[in-house]
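The values are calculated or read from the model by the stated rules, or taken from the named source; none is laboratory data. A quick note: this is a predicted structure, and the numbers were derived from the prediction, not measured. All Cβ positions, even for glycine, are placed from backbone atoms using ideal geometry, and neighbour counts span all protein chains on display.
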Amino acid sequence: MNEIDARRRQFLKTSLGAAAIAIAPGMMLFEVAHGEAQGASSKVRWGMLIDTAQCTSGCTDCVAACNKENGLSGGTSATDSQWIRKIEIKEISSGRTLSLPMMCQHCAEPPCVDVCPTQASFKRADGIVLVDKHRCIGCRYCMMACPYKARSFVHEPLTGQNPDVPRGKGTVESCTLCVHRVDQGKKPACAEACPNHAILFGDLNDPESEIARKVHSVASTQVRADLRLDPGIRYQGL
Amino acid sequence: MPTPASLRTKNRLYYLLLAAGGLVAGVGLYAVHLMESHGHIITGMNNQIVWGIPHVFAIFLIVAASGVLNVASIGSVFGKAIYKARAPLASLLSIAMLAGGLAVLMLDLGRPDRVMVAATNYNLTSVFAWNVLLYSGMFALVLVYLWTMMEQRMNPWNKTAGLAVFAWRFILTTGTGLIFAFLTARQAYGSALLPPMFIVLSFAWGLAVFHLVQTSIYAWNEKELDPAILNRKKNLLGVFVMGSLYMVATYHLTNAYFAHRMDFERFILLDGGVYPALFWWGYVLLGNVLPLLLIYLPGLGKTRCVMASSLMVVLGAFALLYVFIIGGQAYPLDIFPGFETVSSFGDGQIGSYQPSVYEFLLGLGGLAIAFIITTVSVRVLNFMPQDKPYIAD
């Protein structure tokens with residue numbers, strides 16, 4: 001080996017060592033900050049049971065809480081995002097009226113995931129249906145496919161976003177079941193905000209959970225059950 | 001015989017046409033730039049009508065791109081000489097319209113800059129992802145097909161390539177129909193009739209476009225199409241127009257037969273304002289009845305009548321697609337069957353849509369792209385149909 005080669009080898013060694021020393025603390029601090037990354041578990045199926053008898057007509061506390069939590073403007077024009085909305089429904093044959101919140105139903109067989117060309121729409125192992133904002137190309141096919149009109153398209157540039165809830169102009173978005181809160185062991189903002197506790201959140205797969213026991217004991221309905229999408233959101237008294 | 005002076009005039013006219021096409025395409029791109037920087041807020045599209053005018057243009061171009069190949073298939077697959085002479089022009093039009101349609105579809109995306117994401121992440125259950133493969137495969141196949149026609153050494157492969165294109169375009173238009181057929185929750189869509197309906201529509205629309213371009217090319221070259229050939233091709237257009245009207249009628253009749261879709265049919269065919277008007281006046285009368293009269297009434301059916309009927313078929317196509325795509329979305333989803341619904345998000349309400357000028361500019365830009373590709377190709381390569389003195393079939 002000549003002298004130049006030896007020096008070159010030494011230089012490479014030193015550079016690699018310096019790079020490792022530079023990167024290592026960052027990597028370690030990242031782990032300290034975020035804890036050990038743990039994926040969602042397929043043993044869990046997050047869901048909600050909404051008691052329409054407890055949902056007051058005209059009350060929009062859940063909507064306001066969602067808007068605040070997720071940094072939505074709260075506007076209600078045809079181009080504004082609405083992740084959750086209150087629907088007033090009236091049975092045509094009987095005239096019976098009900099008020100209920102409607103949002104992404106977090107289907108077990110989500111049509112939005114089926115039709116998304118880039119796999120931007122996806123279902124987490126724990127049943128939460130999400131949009132990967134870095135992958136969404138904004139084709140809006142999922143909006144065409146969703147039977148619940150649960151999705152919104154971001155029509156304008158955004159400002160003042162909540163860092164926990166990234167959004168992006170030109171992409172599609174919908175209720176995330178407040179996944180950032182759920183992952184911290186908290187309830188979704190709408191469930192927490194409801195003054196009448198009409199929204200019960202929990203793990204449908206855990207037989208000991210309140211929601212599973214309730215679903216077992218009271219009659220509840222999945223909206224458009226005929227489509228066999230098995231939504232994670234169920235309604236009582238519909 | 002062309003004189004040097006007339007050739008010079010034509011030369012100028014050619015560059016003028018090209019400049020006009022370039023201008024329209026450029027303005028379309030500027031509209032895209034504005035949609036990119038301001039967001040889709042400057043369009044008429046919203047959270048209920050998520051696909052608008054750009055999709056009407058794009059789907060017309062893509063469906064017609066598949067249908068125009070019918071001319072080539074009748075030549076290559078079924079061996080009819082007058083169609084075979086027109087196969088290169090039909091293939092060129094197919095590529096041109098596919099390019100224009102896909103450009104519109106892509107540039108209307110919320111994030112057109114992520115086209116690489118679409119090209120590298122396939123969701124195998126998504127018909128959109130299938131279409132990415134079908135459209136790019138179609139480009140490649142039609143190019144090979146053209147090669148087998150225009151390069152003598154490749155001629156032996158012509159029949160094989162023609163068969164492949166024949167099969168591929170059926171699958172491609174099936175894919176386009178499936179985009180809507182797979183939408184089970186919407187009253188307007190979710191029907192297995194849609195793929196065959198789109199296939200038959202493609203025959204009529206593609207042939208109409210072909211007639212328009214062919215007549216222009218003949219006029220440019222100061223030639224007149226043999227009346228016997230014109231007669232056969234106009235009769236074929238007549239048959240395709242009747243076939244497509246039959247498919248559209250069947251689609252609406254099957255919908256009307258299902259009690260849960262009757263309200264939608266009443267909306268789209270009777271009391272939905274602009275949609276029934278466009279359907280009956282635009283599609284049925286202008287796009288079908290008048291063209292059929294121009295083709296079949298005794299004493300009519302000359303070149304001008306065929307041109308006029310082809311133009312009407314194209315305009316009727318736009319009317320039908322507007323009704324189908326936008327009217328279909330305007331009708332609200334039936335989230336709670338048997339209930340009336342009211343909300344801040346337009347539940348239970350007919351969606352409103354006012355297309356903006358930017359959407360039209362984008363759509364016209366797509367037409368311009370198809371026009372430029374056709375004009376330049378016809379100029380630099382020989383796409384003029386060369387009929388034999390004696391036609392056996």
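General remarks:
- Flag if residue B:84 is without any contact (Cβ under 8 Å) to a residue 40 or more places away in the chain and either more than 14 Å from chain A (Cβ to nearest Cβ) or farther than 27 Å from residue B:202 by Cα (or both): yes
- Scope the range A:206-238; condition over 22 Å from residue B:339 (Cβ atoms) and charged (D, E, K, R); matching residues: A:206, A:208, A:210, A:213, A:214
- When residue B:338 is tested against the conditions (1) modelled with pLDDT of 95 or more; (2) within 14 Å of chain A (Cβ to nearest Cβ), the lone failure is (1).
- Among the residues of this structure, residue A:76 does not count as one that is part of a loop (DSSP other than H, G, I, E, B), away from chain B (no Cβ under 12 Å), surrounded by fewer than 17 Cβ atoms within 10 Å (Cβ to Cβ) and on the phi < 0 side of the Ramachandran plot.
- Tallying residues that are outside any loop (DSSP other than H, G, I, E, B) and either at the interface with chain A (Cβ under 7 Å from one of its Cβ atoms) or charged (D, E, K, R) (or both) within the range B:113-126 yields 4.
- The condition (being away from every other protein chain (no Cβ under 14 Å) and under 30 Å from residue A:109 (Cβ atoms)) is satisfied by just one residue among B:191, B:202, B:244: B:191.
- Taking the criterion of being of a type in the set (A, V, I, L, M, F, W, C), more than 11 Å from chain B (Cβ to nearest Cβ) and either surrounded by fewer than 20 Cβ atoms within 10 Å (Cβ to Cβ) or outside any loop (DSSP other than H, G, I, E, B) (or both), the residues of the range A:108-147 that qualify are A:108, A:125, A:129, A:130, A:131.
- Residue match in the range A:164-186 (condition: over 27 Å from residue A:119 (Cα atoms) and either among the aliphatic types (A, V, I, L, M) or surrounded by 13 or more Cβ atoms within 10 Å (Cβ to Cβ) (or both)): yes
- Sub-6 Å Cβ pairs linking a first residue in the range B:62-79 that is over 19 Å from residue B:157 (Cβ atoms) to a second residue that is in a helix (DSSP H, G or I) and of a type in the set (Lys, Arg), at least 6 apart or interchain, are B:66/B:169, ordered by first then second residue.
- Of all the residues in the range B:36-81, those that are more than 12 Å from chain A (Cβ to nearest Cβ) and under 25 Å from residue B:348 (Cα atoms) number 2.
- Residue within the range B:278-297 that is within 17 Å of residue B:189 (Cα to Cα) and among the hydroxyl-bearing types (Ser, Thr, Tyr) present: no
- Residues in the range A:200-230 that are part of a loop (DSSP other than H, G, I, E, B) and not hydrophobic (A, V, I, L, M, F, W, C): 9 in all.
- Residue list for the range B:149-190, restricted to those being out of contact with any Pro (no Cβ under 7 Å at 6 or more places or on another chain), outside any helix (DSSP H, G or I) and either farther than 17 Å from residue B:129 by Cβ or touching a residue at least 12 places away in the same chain (Cβ under 8 Å) (or both): B:151, B:182, B:184, B:186, B:187, B:188, B:189, B:190
- When restricted to residues that are among the hydrophobic types (A, V, I, L, M, F, W, C), within 7 Å of chain A (Cβ to nearest Cβ) and either outside any loop (DSSP other than H, G, I, E, B) or surrounded by fewer than 14 Cβ atoms within 10 Å (Cβ to Cβ) (or both), the range B:341-359 contains 1.
- Taking the listed residues B:89, B:143, B:134, the one that is touching a helix residue (DSSP H, G or I) at 6+ places or on another chain (Cβ under 6 Å), away from chain A (no Cβ under 11 Å) and assigned to a helix (DSSP H, G or I) is B:134, with no other qualifying.
- If the condition is being surrounded by fewer than 20 Cβ atoms within 10 Å (Cβ to Cβ) and either under 23 Å from the mean Cα position of the chain (by Cα) or more than 17 Å from residue B:349 (Cα to Cα) (or both), then the range A:81-98 contributes A:93, A:94, A:95, A:96, A:97, A:98.
- When the range A:44-73 is filtered for residues that are without any contact (Cβ under 8 Å) to a residue 40 or more places away in the chain and either aliphatic (A, V, I, L, M) or crowded, with 16+ Cβ neighbours inside 10 Å (or both), the ones remaining, listed by number, are A:60, A:67, A:72.
- Number of residues in the range A:197-236 that are closer than 15 Å to residue A:126 by Cα, buried (at least 21 other Cβ atoms within 10 Å of the Cβ) and not aliphatic (A, V, I, L, M): the value is 4.
- Residue in the range B:3-20 that is small (Gly, Ala, Ser) and in contact (Cβ under 8 Å) with a residue 24 or more places away in the chain present: no
Residue-by-condition table, conditions (1) more than 14 Å from chain B (Cβ to nearest Cβ); (2) more than 17 Å from the chain's Cα centre (by Cα):
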residue: A:158; (1), (2): no, yes
residue: A:165; (1), (2): yes, no
residue: A:171; (1), (2): no, no
residue: A:183; (1), (2): yes, no
residue: A:186; (1), (2): yes, no
residue: A:190; (1), (2): yes, no
residue: A:194; (1), (2): yes, yes
residue: A:197; (1), (2): yes, yes
residue: A:209; (1), (2): yes, yes
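- Here residue A:150 meets each of (1) touching a residue at least 40 places away in the same chain (Cβ under 8 Å); (2) under 13 Å from the mean Cα position of the chain (by Cα); (3) not in a loop (DSSP other than H, G, I, E, B) with one exception, condition (3).
- Condition check for residue B:330: buried (at least 22 other Cβ atoms within 10 Å of the Cβ) and within 14 Å of another protein chain (Cβ to nearest Cβ): yes
- Close pairs (6 angstrom Cβ cut-off, 6 or more residues apart or separate chains): among the basic types (Lys, Arg) in the range B:225-250, outside any helix (DSSP H, G or I) anywhere: B:234/B:301
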